[in-house]
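Some notes on the structure that comes next.
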Amino acid sequence: MPTILKLLTLLFFLIQSSCYVGYSSGDEYTQANWFNSENTLTLWALADIQPTNRGHEEAFEIAITDMNDNVSNIDMALVAGDIVNETTEESFDWYVRTRNNSYIKEWYEIIGNHDLKTDMGKLFREKLREEVNYSIVKGNILFIFMSDSERGKATEISDETFEWWKDIVINNQDKIIVVTTHAPLEDSGIPFSSFTDRQVINSQRFTEVLKDYQVDIWLSGHLHIPHGVMNNIVEKEKYDGTIFVHISSIRPELMGLKESESRVITFACVSDKVLIQVRNHKEGVFVPNQNRVFQLSKKYICNSEPSNN
């Protein structure tokens, strides 16, 4: 897609999303009778930090400060790829320094296309984690993380990784399952996911499995579009109710008109509902008209022993 067309498209979405203007703390959701505020698992989901200038770096630094000062209940952070724009030691070291200023101790990152750019993920493995396709368990929630495996704008996931994912999904149907990839699946309904360079290549491998086996939430970034656009969260009945969730970029776009955003996702103990909120880091607020509550396949059981796979 030519750059000018991308800019015009993003501008259209920004205008479209203007109806969401208005802010609150989101207390009307967290005070609901299903919400056990004493025992929750709360995730900070962010993507596409990839700074190209000092202003972009400041956006992530401001986001860290915002969460430190104003959102004190985060248990873990998920970063859906494109951590850096150029794969240099300086870029990764800046990310690690900035990340480590957060009070959040658990960070789970995957490789996006920019993180592979020149070294095929070598620095990511050295600086962040050796395993780039992995899973963790929190209570009865299984989190599966899959990284890009090849250079290029689309997300390529190897057949070996797909088979690993399929086996985990099939053998953990007793759990709430949350998947994170850099790009969305084709047919997720997320804007632009029908474009080849904006999707997981050969998504049909995954969607065929989703027809028969439950995956509750599928998180992805890559698109950089604001959370206010239509269909930035899509619940697909044809895939047994999988909730596809777009994570906007931490990096501001279009000269700051698209502001730095992320999501906060909260599971409440012994509840089968999940609260998904939007955080605007420039303003330091939640955006209430974008708060969503969804039904999960089962209740979150918070006292199970966590483990890594």
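Do the conditions hold for SER262, that is, is it of a type outside the set (Val, Ile, Thr), touching a residue at least 60 places away in the same chain (Cβ under 8 Å) and in a strand (DSSP E or B)? Against the criterion (of a type outside the set (Val, Ile, Thr), touching a residue at least 60 places away in the same chain (Cβ under 8 Å) and in a strand (DSSP E or B)), SER262 qualifies.
In the range 290-305 there is at least one residue matching the filter, namely being farther than 28 Å from ASP115 by Cβ, touching a Ser or Thr at 6+ places or on another chain (Cβ under 9 Å) and either surrounded by 22 or more Cβ atoms within 10 Å (Cβ to Cβ) or without any contact (Cβ under 8 Å) to a residue 12 or more places away in the chain (or both). In a residue-by-residue description of the range 21-42, the property of being farther than 30 Å from GLY152 by Cα, in a loop (DSSP other than H, G, I, E, B) and modelled with pLDDT of 95 or more applies to no position. Scanning the range 207-224 for residues that are buried (at least 17 other Cβ atoms within 10 Å of the Cβ) and among the basic types (Lys, Arg) turns up nothing.
Identify the residue in the range 253-269 that is under 14 Å from THR42 (Cα atoms) and more than 14 Å from the chain's Cα centre (by Cα) and, among all such residues, is surrounded by the fewest Cβ atoms within 10 Å (Cβ to Cβ). Across the range 253-269, the extreme among qualifying residues is CYS269. Which of the residues spanning the range 98-125 are closer than 16 Å to MET67 by Cβ and basic (Lys, Arg)? Result: ARG99, LYS105. Report whether or not ASP148 is free of Cβ contacts under 8 Å to residues at least 40 places away in the same chain and not in a helix (DSSP H, G or I). Considered against the rule, which asks whether it is free of Cβ contacts under 8 Å to residues at least 40 places away in the same chain and not in a helix (DSSP H, G or I), ASP148 comes out as no. Among the residues making up the range 95-116, those that are buried (at least 16 other Cβ atoms within 10 Å of the Cβ), among the charged types (D, E, K, R) and part of a helix (DSSP H, G or I) are ARG99, ASP115.
The values are calculated or read from the model by the stated rules, or taken from the named source; none is laboratory data. Here the structure is a predicted model, which is why all the values come from computation and not from measurement. Ideal geometry is used to build each Cβ from the backbone, glycine not excepted, and the neighbour counts take in all protein chains shown.
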